[in-house]
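The values are calculated or read from the model by the stated rules, or taken from the named source; none is laboratory data. Predicted model, so just to flag it, every value in this text is computed and none were measured. Quick reminder, even Gly has a Cβ in these numbers, built from the backbone with ideal geometry, and neighbours come from all protein chains shown. The area values use the complete protein model at the heavy-atom level, side chains included, leaving out ligands, DNA and RNA. Shrake-Rupley method; radii C 1.70, N 1.55, O 1.52, S 1.80 Å.
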Amino acid sequence: MNKPVRPARARDLLFAGCVLALAAQPLPASADTASPKPLPPSQAPIPRYRLNAQSTLGFSYNGLGVEERARLGMQMLLYRSENPAFRDNFVFIGAGPRLNPISVRAGPTLEIQPLTVFNLQVNLEFIDYFGTFNSLAPYTTPLADFSQPRRDAAADRGENYGTTGVRFSISPFVQAKVGPIVVRNRFTLEYYSIAMRRGHTTYYDPAIDTLVPAHGVVLSNDLDVFYLKELPHTPWGERGRIVAGLRYTAFDPLFKPTDFAPGEPTDKDPADVHRVGPLLAFTFFDDGFTRFHEPTIAAIFQWFAAHKNRTGKDEHQAVPYIVLAFTFQSDLWVSN
């Protein structure tokens with residue numbers, strides 16, 4: 001294994017303005033399809049210090065979106081071990097900016113990976129919603145109708161606005177490999193604090209396609225089970241990789257009683273989202289700790305098992321959520 005396993009976090013700042021005009025919303029964290037690296041065999045020694053950059057450009061359909069994510073910072077090996085269970089360990093300190101047509105997010109990132117199969121990431125992001133593409137869409141209750149026609153009508157009335165906020169997240173990640181089968185799971189707890197106008201307690205977050213509390217917690221989970229095939233040679237280089245499997249994604253916004261309008265029932269769970277479907281990825285080559293390595297194309301096709309609007313209201317349940325992504329890594333400086 002020549003790269004530490006880490007939760008997906010990558011987006012480069014070289015995002016072309018012409019691409020920004022293609023869509024009106026960001027991608028969720030679960031759109032990161034190609035990383036973390038799914039437990040390949042050990043190869044080159046891991047450098048003790050790395051100035052590492054990653055980039056992921058992703059596009060989504062249903063809902064429509066585009067986003068560029070970067071991950072840039074210093075990564076240090078905690079200790080050396082040839083045991084596969086301990087070999088890929090590190091601590092990473094850096095930043096993970098995210099840019100899309102409606103917002104920009106930036107802030108510090110800390111990752112600690114004490115052993116190959118476990119990673120913990122902590123992020124603090126400062127968010128600026130531009131007010132473009134009729135976002136942010138505010139509501140006074142989690143029970144509001146946030147379907148596309150209602151959001152369009154609210155935008156025509158000038159009810160949407162730009163604003164700023166803060167997001168804090170903590171994400172434990174685990175993975176295991178038995179033969180060619182890999183199982184991995186990433187759980188994320190996010191806390192949002194978004195500056196809203198008087199009376200607005202929730203808003204539509206296009207990144208997860210549902211209502212979330214303006215000041216509160218959102219839980220999410222991605223569970224992957226897939227087959228991994230190592231390719232010793234490809235037309236583009238050495239050590240390619242094919243991944244094919246399934247991803248289950250869930251989002252659970254946690255609303256407080258004060259988020260509801262007076263007299264409304266507060267025991268409902270009105271904004272959960274559940275999706276499931278195939279995940280595919282192909283890595284062209286993996287030549288170690290170079291300036292350009294592990295270029296990967298990936299795709300997710302998920303059908304909504306639960307969603308207030310996408311199981312027959314806004315869209316027919318047969319229409320999937322689709323993500324296409326391209327990602328790569330770059331080690332700008334290494335030292336042993």
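Determine, for each peptide in 250-262, 63-75, the mean count of other beta carbons within 10 angstrom over its residues, then list the peptides with the highest first. Show your work: numbers first, answer last.
Details: 250-262: 16.5, 63-75: 21.9.
So the order, starting with the most tightly packed, is 63-75, 250-262.
Report the extension gain between Ala95 and His215 in nm, rounded to one decimal, defined as 0.36 nm multiplied by the number of residues separating them, less their alpha carbon distance. Display every interim value, and only then the final one.
On the way: separation 120, 0.36 × 120 = 43.20 nm, distance 2.35 nm.
This chain segment gains 40.9 nm when fully extended.
Per the helix-only calculation at 222 nm, which mean residue ellipticity applies to the chain, given -39500 (n - 2.57) for every DSSP H run of n ≥ 4 and division by its residues, nearest 500 deg cm²/dmol? Show your work: numbers first, answer last.
Details: 2 runs with 13 residues, N = 336.
Helix contribution divided over all residues of the chain: -1000 deg cm²/dmol.
Can you tell me the relative contact order of the chain? Whole percent, Cα pairs under 8 Å, sequence separation 6 or more.
Working: 964 pairs, mean separation 57.2, N = 336.
Contact order relative to length: 17 percent.
Taking amide hydrogens as modeled 1.01 Å from N in the peptide plane, which residues meet the under 5 Å criterion relative to Thr109, leaving out close sequence neighbours?
For Thr109, whose amide H was placed from the backbone, the distant partners under 5 Å are Gly94, Ala95, Gly96.
Can you tell which of Gln121, Tyr191, Thr210 lies farthest toward the positive end of the dipole of segment 70-213, using +1 and -1 charges on the Cβ of basic and acidic side chains (Lys, Arg; Asp, Glu)?
So the residue furthest toward the plus end is Gln121.
At a 10 angstrom cut-off on C-beta neighbours, averaged per residue, how do the peptides 101-109, 238-246 rank from highest to lowest? Display every interim value, and only then the final one.
Working: 101-109: 19.4, 238-246: 17.3.
Order by mean packing, descending: 101-109, 238-246.
Of the listed values [x] 16.6; [y] 20.5; [z] 15.6, identify the label whose number matches mean projected area of the Cα convex hull in nm² calculated from this model.
Answer by label: [x].
Taking the chain, how many lysine pairs are there with alpha carbons less than 20 Å apart, if each pair must be eight or more places apart or span two chains?
Lysine pairs meeting the criterion: 10.
Using only the Cα atoms, what convex hull volume per residue in Å³ does segment 58-211 have? Present the calculation step by step, with values, prior to reporting the outcome.
On the way: hull volume 19.9 nm³, N = 154.
That works out to 129 Å³ per residue.
Find the accessible area per residue for segment 210-267; the probe is 1.4 Å, ligands and nucleic acids are left out, and the unit is Å².
On the way: 2780 Å² over 58 residues.
Result: 48 Å² per residue.
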